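The values are calculated or read from the model by the stated rules, or taken from the named source; none is laboratory data. From a predicted model like this one, the values you see are computed outputs, not experimental measurements. Cβ placement follows ideal geometry from the backbone for every residue including glycine, while neighbour counts extend to all protein chains displayed.
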Amino acid sequence: MLVAGLSGANGLDVSLSNFLGIKLLHVESKLFPDGESYIRFINFEDVRGNDVVLIQSLYPNQDKRYLELLLAIDAVKDLGCRTVTVVIPYMAYSRQDRAFLLGEAVSIRTLLKVMSNLGVDNLITIDIHKEESLKYFKGGVAANLDPIPLFAEVMRNLTKDPIVVAPDQGAMNRALKLSRMIGYGDYVLFRKSRDRITGEIKHELGEVEVAGREVIIVDDIISTGTTIANIARYLHEKHPSKIYAVCSHGLFVNNAISKLISSGVSEIFALNTVPLPKNVNIIDSTPLIADALRRLTK
Ligand code: R5P
(Lines give C-alpha, C1' and ligand atoms only; values in the text may rest on other atoms or scores of the structure.)
Protein backbone atom coordinates (compact mmCIF):
# COMPACT_ATOMS: atom_id res chain seq x y z
CA MET A 1 0.00 0.00 0.00
CA LEU A 2 1.19 3.52 -0.84
CA VAL A 3 -0.16 6.77 0.52
CA ALA A 4 -0.26 10.10 -1.29
CA GLY A 5 -1.32 13.41 0.19
CA LEU A 6 -2.79 16.12 -1.99
CA SER A 7 -3.01 19.83 -1.10
CA GLY A 8 -5.69 19.17 1.55
CA ALA A 9 -3.97 16.28 3.35
CA ASN A 10 -3.21 18.56 6.32
CA GLY A 11 -0.25 16.36 7.30
CA LEU A 12 -2.32 13.19 7.54
CA ASP A 13 -0.40 11.58 4.66
CA VAL A 14 2.86 11.80 6.61
CA SER A 15 1.33 10.77 9.94
CA LEU A 16 -0.41 7.77 8.30
CA SER A 17 2.73 6.73 6.48
CA ASN A 18 4.62 6.80 9.84
CA PHE A 19 1.82 5.16 11.81
CA LEU A 20 1.33 2.30 9.33
CA GLY A 21 4.91 2.09 8.11
CA ILE A 22 3.88 2.52 4.49
CA LYS A 23 5.66 4.36 1.71
CA LEU A 24 4.68 7.88 0.66
CA LEU A 25 3.96 8.65 -2.96
CA HIS A 26 5.22 12.14 -3.68
CA VAL A 27 2.88 14.45 -5.52
CA GLU A 28 3.71 17.69 -7.21
CA SER A 29 0.68 19.93 -7.37
CA LYS A 30 0.63 23.45 -8.70
CA LEU A 31 -1.59 26.03 -10.32
CA PHE A 32 -0.99 27.44 -13.76
CA PRO A 33 -1.01 31.25 -13.96
CA ASP A 34 -4.61 31.18 -15.19
CA GLY A 35 -5.73 29.11 -12.18
CA GLU A 36 -5.83 25.59 -13.65
CA SER A 37 -4.66 22.71 -11.45
CA TYR A 38 -1.73 20.43 -12.25
CA ILE A 39 -0.83 17.09 -10.64
CA ARG A 40 2.17 14.83 -11.12
CA PHE A 41 3.21 11.73 -9.19
CA ILE A 42 6.98 12.02 -8.81
CA ASN A 43 7.74 8.38 -8.01
CA PHE A 44 5.13 7.23 -10.54
CA GLU A 45 6.96 3.92 -11.21
CA ASP A 46 5.79 2.73 -7.76
CA VAL A 47 2.11 2.97 -8.66
CA ARG A 48 1.74 0.03 -11.08
CA GLY A 49 0.12 -2.99 -9.40
CA ASN A 50 -0.06 -1.25 -6.03
CA ASP A 51 -2.91 -0.25 -3.73
CA VAL A 52 -2.90 3.54 -3.61
CA VAL A 53 -4.47 5.65 -0.87
CA LEU A 54 -5.15 9.29 -1.78
CA ILE A 55 -5.71 11.72 1.10
CA GLN A 56 -7.59 14.91 0.33
CA SER A 57 -9.72 16.78 2.84
CA LEU A 58 -12.17 19.12 1.14
CA TYR A 59 -11.82 22.27 3.22
CA PRO A 60 -11.81 25.67 1.44
CA ASN A 61 -10.92 26.06 -1.39
CA GLN A 62 -13.03 22.92 -1.66
CA ASP A 63 -13.77 23.17 -5.40
CA LYS A 64 -10.07 23.36 -6.24
CA ARG A 65 -9.25 20.48 -3.91
CA TYR A 66 -12.04 18.35 -5.35
CA LEU A 67 -10.83 18.89 -8.89
CA GLU A 68 -7.26 18.10 -7.83
CA LEU A 69 -8.54 14.87 -6.29
CA LEU A 70 -10.30 13.90 -9.53
CA LEU A 71 -7.09 14.53 -11.49
CA ALA A 72 -5.12 12.39 -9.03
CA ILE A 73 -7.64 9.51 -9.12
CA ASP A 74 -7.56 9.42 -12.91
CA ALA A 75 -3.77 9.63 -12.98
CA VAL A 76 -3.19 6.68 -10.63
CA LYS A 77 -5.75 4.59 -12.55
CA ASP A 78 -3.90 5.44 -15.73
CA LEU A 79 -0.57 4.54 -14.11
CA GLY A 80 -1.96 1.04 -13.45
CA CYS A 81 -2.62 0.99 -9.71
CA ARG A 82 -4.31 -2.16 -8.40
CA THR A 83 -6.86 -0.28 -6.30
CA VAL A 84 -7.47 3.33 -5.38
CA THR A 85 -8.84 4.24 -1.97
CA VAL A 86 -9.81 7.84 -1.42
CA VAL A 87 -9.67 9.23 2.13
CA ILE A 88 -11.66 12.45 2.46
CA PRO A 89 -11.44 13.34 6.17
CA TYR A 90 -13.74 16.35 5.73
CA MET A 91 -16.32 15.78 3.01
CA ALA A 92 -17.45 19.15 1.69
CA TYR A 93 -20.93 19.60 0.21
CA SER A 94 -22.33 16.92 2.52
CA ARG A 95 -24.90 19.32 4.01
CA GLN A 96 -26.57 19.71 0.61
CA ASP A 97 -27.78 16.11 0.72
CA ARG A 98 -31.21 16.77 -0.77
CA ALA A 99 -33.13 19.39 -2.69
CA PHE A 100 -34.48 21.49 0.19
CA LEU A 101 -36.04 23.84 -2.36
CA LEU A 102 -37.37 22.70 -5.72
CA GLY A 103 -34.73 22.98 -8.40
CA GLU A 104 -31.70 22.71 -6.10
CA ALA A 105 -28.74 20.46 -6.96
CA VAL A 106 -28.08 17.58 -4.56
CA SER A 107 -24.40 18.45 -4.32
CA ILE A 108 -23.07 15.49 -2.36
CA ARG A 109 -24.68 13.11 -4.88
CA THR A 110 -22.84 14.81 -7.72
CA LEU A 111 -19.47 14.60 -5.96
CA LEU A 112 -19.87 10.91 -5.13
CA LYS A 113 -21.26 9.99 -8.57
CA VAL A 114 -18.27 11.51 -10.33
CA MET A 115 -15.79 9.66 -8.09
CA SER A 116 -17.68 6.38 -8.64
CA ASN A 117 -17.55 6.94 -12.40
CA LEU A 118 -13.80 7.48 -12.26
CA GLY A 119 -13.46 4.01 -10.74
CA VAL A 120 -12.62 4.74 -7.09
CA ASP A 121 -12.56 1.40 -5.28
CA ASN A 122 -13.01 2.51 -1.68
CA LEU A 123 -14.01 5.71 0.03
CA ILE A 124 -13.28 6.68 3.64
CA THR A 125 -14.71 9.77 5.31
CA ILE A 126 -14.90 10.94 8.90
CA ASP A 127 -18.26 11.93 10.41
CA ILE A 128 -19.94 12.88 7.14
CA HIS A 129 -22.94 15.13 7.75
CA LYS A 130 -25.38 12.29 6.95
CA GLU A 131 -24.12 8.76 6.56
CA GLU A 132 -26.99 7.84 4.19
CA SER A 133 -25.37 10.08 1.57
CA LEU A 134 -22.74 7.40 1.03
CA LYS A 135 -25.37 5.43 -0.91
CA TYR A 136 -24.47 7.65 -3.87
CA PHE A 137 -21.00 6.12 -3.96
CA LYS A 138 -21.14 3.09 -6.25
CA GLY A 139 -17.62 1.71 -5.75
CA GLY A 140 -16.60 -0.97 -3.24
CA VAL A 141 -16.40 -0.07 0.46
CA ALA A 142 -17.71 3.30 1.66
CA ALA A 143 -16.78 3.81 5.30
CA ASN A 144 -17.78 6.69 7.52
CA LEU A 145 -15.52 6.77 10.58
CA ASP A 146 -16.98 7.63 13.96
CA PRO A 147 -14.88 10.11 15.99
CA ILE A 148 -17.01 9.87 19.15
CA PRO A 149 -14.69 7.36 20.91
CA LEU A 150 -11.82 9.85 20.39
CA PHE A 151 -13.95 12.70 21.78
CA ALA A 152 -15.04 10.55 24.72
CA GLU A 153 -11.47 9.72 25.67
CA VAL A 154 -10.49 13.40 25.77
CA MET A 155 -13.62 14.63 27.53
CA ARG A 156 -13.66 11.80 30.09
CA ASN A 157 -10.26 12.94 31.34
CA LEU A 158 -11.23 16.59 31.36
CA THR A 159 -14.72 16.71 32.84
CA LYS A 160 -16.75 15.34 35.72
CA ASP A 161 -20.44 14.60 35.34
CA PRO A 162 -20.93 16.80 32.23
CA ILE A 163 -24.17 17.40 30.33
CA VAL A 164 -23.76 16.74 26.60
CA VAL A 165 -25.76 19.03 24.32
CA ALA A 166 -26.91 18.38 20.75
CA PRO A 167 -27.35 21.78 19.03
CA ASP A 168 -29.78 20.30 16.51
CA GLN A 169 -31.66 17.12 15.63
CA GLY A 170 -28.81 15.90 13.38
CA ALA A 171 -26.40 15.95 16.32
CA MET A 172 -28.64 13.93 18.64
CA ASN A 173 -27.06 10.51 18.09
CA ARG A 174 -23.59 12.00 18.50
CA ALA A 175 -24.56 13.62 21.81
CA LEU A 176 -26.29 10.50 23.08
CA LYS A 177 -23.32 8.30 22.22
CA LEU A 178 -20.80 10.76 23.66
CA SER A 179 -22.67 11.05 26.95
CA ARG A 180 -22.83 7.26 27.23
CA MET A 181 -19.19 6.78 26.35
CA ILE A 182 -18.06 9.41 28.85
CA GLY A 183 -19.98 7.38 31.39
CA TYR A 184 -22.80 9.74 32.33
CA GLY A 185 -26.25 9.60 30.83
CA ASP A 186 -27.15 13.30 30.67
CA TYR A 187 -27.76 14.84 27.29
CA VAL A 188 -30.04 17.55 25.94
CA LEU A 189 -31.35 18.19 22.43
CA PHE A 190 -32.12 21.66 21.11
CA ARG A 191 -34.18 21.87 17.95
CA LYS A 192 -32.92 24.10 15.16
CA SER A 193 -34.53 25.38 12.00
CA ARG A 194 -32.89 27.23 9.15
CA ASP A 195 -34.58 29.63 6.75
CA ARG A 196 -33.64 28.12 3.40
CA ILE A 197 -33.67 31.50 1.65
CA THR A 198 -31.88 33.76 4.13
CA GLY A 199 -29.89 31.05 5.96
CA GLU A 200 -31.10 32.45 9.32
CA ILE A 201 -30.95 29.94 12.19
CA LYS A 202 -33.59 29.69 14.92
CA HIS A 203 -33.40 27.47 18.00
CA GLU A 204 -36.19 26.24 20.27
CA LEU A 205 -34.58 26.88 23.62
CA GLY A 206 -36.29 24.67 26.21
CA GLU A 207 -35.75 24.58 29.97
CA VAL A 208 -32.53 22.95 31.05
CA GLU A 209 -30.70 22.89 34.39
CA VAL A 210 -26.95 23.36 33.99
CA ALA A 211 -25.97 25.52 37.00
CA GLY A 212 -22.56 24.46 38.31
CA ARG A 213 -22.29 21.66 35.70
CA GLU A 214 -19.85 21.28 32.82
CA VAL A 215 -21.50 21.40 29.40
CA ILE A 216 -20.20 19.81 26.20
CA ILE A 217 -21.82 20.97 22.95
CA VAL A 218 -21.01 18.51 20.18
CA ASP A 219 -21.57 18.89 16.43
CA ASP A 220 -20.14 17.55 13.18
CA ILE A 221 -19.14 20.92 11.69
CA ILE A 222 -18.46 24.37 13.06
CA SER A 223 -18.57 26.79 10.16
CA THR A 224 -19.58 30.32 11.15
CA GLY A 225 -20.03 29.23 14.78
CA THR A 226 -23.61 30.54 14.84
CA THR A 227 -25.25 27.22 15.77
CA ILE A 228 -23.08 26.59 18.81
CA ALA A 229 -22.85 30.27 19.82
CA ASN A 230 -26.68 30.52 19.98
CA ILE A 231 -26.85 27.60 22.39
CA ALA A 232 -23.79 28.64 24.41
CA ARG A 233 -25.14 32.17 24.93
CA TYR A 234 -28.41 30.77 26.24
CA LEU A 235 -26.76 28.20 28.51
CA HIS A 236 -24.14 30.64 29.77
CA GLU A 237 -26.87 32.69 31.46
CA LYS A 238 -27.75 29.60 33.49
CA HIS A 239 -24.28 29.55 35.09
CA PRO A 240 -22.66 26.30 33.98
CA SER A 241 -19.13 25.81 35.39
CA LYS A 242 -17.66 25.49 31.88
CA ILE A 243 -18.82 25.17 28.27
CA TYR A 244 -16.82 23.04 25.81
CA ALA A 245 -17.46 23.06 22.06
CA VAL A 246 -16.40 19.82 20.37
CA CYS A 247 -16.64 19.18 16.64
CA SER A 248 -15.23 16.92 13.97
CA HIS A 249 -14.56 19.57 11.35
CA GLY A 250 -13.66 23.08 12.50
CA LEU A 251 -13.89 25.37 9.50
CA PHE A 252 -14.17 28.49 11.68
CA VAL A 253 -15.06 30.88 8.89
CA ASN A 254 -15.24 34.66 9.41
CA ASN A 255 -14.97 35.44 13.11
CA ALA A 256 -16.29 32.09 14.35
CA ILE A 257 -13.76 31.69 17.16
CA SER A 258 -14.41 35.08 18.75
CA LYS A 259 -18.14 34.52 18.31
CA LEU A 260 -17.87 31.26 20.25
CA ILE A 261 -15.69 32.71 22.98
CA SER A 262 -17.89 35.77 23.48
CA SER A 263 -20.94 33.50 23.75
CA GLY A 264 -19.42 31.76 26.76
CA VAL A 265 -17.50 28.81 25.24
CA SER A 266 -14.34 28.25 27.29
CA GLU A 267 -12.54 25.63 25.21
CA ILE A 268 -12.87 24.35 21.66
CA PHE A 269 -11.84 20.90 20.39
CA ALA A 270 -11.72 19.66 16.78
CA LEU A 271 -10.20 16.88 14.70
CA ASN A 272 -7.23 17.60 12.45
CA THR A 273 -9.36 16.97 9.36
CA VAL A 274 -8.79 20.63 8.48
CA PRO A 275 -6.07 23.12 9.51
CA LEU A 276 -7.00 24.66 12.87
CA PRO A 277 -6.32 28.03 14.47
CA LYS A 278 -3.95 28.10 17.47
CA ASN A 279 -6.61 28.46 20.15
CA VAL A 280 -8.36 25.20 19.15
CA ASN A 281 -7.36 21.93 20.83
CA ILE A 282 -6.50 19.32 18.21
CA ILE A 283 -7.70 15.73 18.39
CA ASP A 284 -5.61 13.56 16.07
CA SER A 285 -7.62 11.45 13.62
CA THR A 286 -4.60 9.44 12.38
CA PRO A 287 -5.33 6.30 14.49
CA LEU A 288 -8.96 6.30 13.30
CA ILE A 289 -8.00 6.40 9.62
CA ALA A 290 -5.13 3.95 10.09
CA ASP A 291 -7.45 1.44 11.69
CA ALA A 292 -9.91 1.73 8.77
CA LEU A 293 -7.11 1.24 6.24
CA ARG A 294 -5.87 -1.84 8.12
CA ARG A 295 -9.38 -3.32 8.06
CA LEU A 296 -9.65 -2.65 4.32
CA THR A 297 -6.48 -4.55 3.53
CA LYS A 298 -7.17 -7.58 5.78
C1 R5P B 1 -25.63 21.60 10.09
O2 R5P B 1 -26.70 21.07 10.32
C3 R5P B 1 -24.35 21.15 10.73
O4 R5P B 1 -24.53 19.98 11.45
C5 R5P B 1 -23.77 22.22 11.65
O6 R5P B 1 -24.62 22.41 12.75
C7 R5P B 1 -23.61 23.53 10.90
O8 R5P B 1 -22.91 23.34 9.71
C9 R5P B 1 -22.88 24.53 11.76
O10 R5P B 1 -22.72 25.71 11.03
P11 R5P B 1 -22.49 27.10 11.72
O12 R5P B 1 -21.26 26.93 12.59
O13 R5P B 1 -22.28 28.03 10.57
O14 R5P B 1 -23.70 27.43 12.51
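Tabulated data
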item: Residue match in the stretch 193-203 (condition: outside the structural domain of Tyr93 (by TED's automatic domain parsing), of a type in the set (A, V, I, L, M, F, W, C) and farther than 30 Å from Ala9 by Cα); result: yes
item: Some residue of the stretch 202-212 being under 24 Å from the mean Cα position of the chain (by Cα), under 24 Å from Tyr59 (Cα atoms) and modelled with pLDDT under 95; result: no
item: From the options Ile222, Ile216, residue that is of a type in the set (A, V, I, L, M, F, W, C), in contact (Cβ under 8 Å) with a residue 24 or more places away in the chain, assigned by TED's automatic domain parsing to the domain that holds Val274 and near the ligand (Cβ under 10 Å from one of its atoms); result: Ile222
item: Every residue from the stretch 189-208 that is of a type outside the set (A, V, I, L, M), under 19 Å from Leu260 (Cβ atoms) and assigned to a loop (DSSP other than H, G, I, E, B); result: Phe190, Gly199, Glu200
item: Complete set of residues in the stretch 72-130 that are among the charged types (D, E, K, R) and either assigned by TED's automatic domain parsing to the domain that holds Val218 or over 26 Å from Asp284 (Cα atoms) (or both); result: Asp74, Lys77, Asp78, Arg82, Asp97, Arg98, Glu104, Arg109, Lys113
item: Matching strands (runs of 3 or more DSSP E) fully within the stretch 1-70 where at least 3 residues are in contact (Cβ under 8 Å) with a residue 12 or more places away in the chain and surrounded by 18 or more Cβ atoms within 10 Å (Cβ to Cβ); result: 2-5, 37-41, 51-55
item: Close pairs (9 angstrom Cβ cut-off, 6 or more residues apart or separate chains): among the hydroxyl-bearing types (Ser, Thr, Tyr) in the stretch 153-173, away from the ligand (no atom under 15 Å from the Cβ) and not in a strand (DSSP E or B) anywhere; result: Thr159/Ile182; Thr159/Tyr184
item: Any chance Ala211 is assigned to a loop (DSSP other than H, G, I, E, B) and among the aliphatic types (A, V, I, L, M); result: yes
item: Failed condition for Thr159, given (1) touching a strand residue (DSSP E or B) at 6+ places or on another chain (Cβ under 6 Å); (2) of a type in the set (Ser, Thr, Tyr); (3) within 16 Å of the ligand (Cβ to nearest atom); result: (3)
item: Given (1) hydroxyl-bearing (Ser, Thr, Tyr); (2) in contact with a Pro (Cβ under 8 Å, 6 or more places away or on another chain); (3) in a loop (DSSP other than H, G, I, E, B), index of the condition Thr224 fails; result: (2)
item: Given (1) in a strand (DSSP E or B); (2) of a type in the set (A, V, I, L, M); (3) over 19 Å from the mean Cα position of the chain (by Cα), index of the condition Val120 fails; result: (1)
item: Every residue from the stretch 265-297 that is buried (at least 19 other Cβ atoms within 10 Å of the Cβ) and more than 18 Å from Pro147 (Cα to Cα); result: Val265
item: Condition check for Ile128: within 13 Å of the ligand (Cβ to nearest atom) and closer than 19 Å to Leu69 by Cβ; result: yes
item: Criterion violated by Gly139 - all others in (1) in a loop (DSSP other than H, G, I, E, B); (2) exposed (fewer than 15 other Cβ atoms within 10 Å of the Cβ) satisfied; result: (2)
item: Close pairs from the stretch 271-298: first part of a strand (DSSP E or B), partner hydroxyl-bearing (Ser, Thr, Tyr), Cβ under 8 Å, at least 6 apart; result: Leu271/Ser248; Leu271/Ser285
item: Residue list for the stretch 7-46, restricted to those being of a type in the set (Asp, Glu) and closer than 26 Å to Ala292 by Cβ; result: Asp13, Asp46
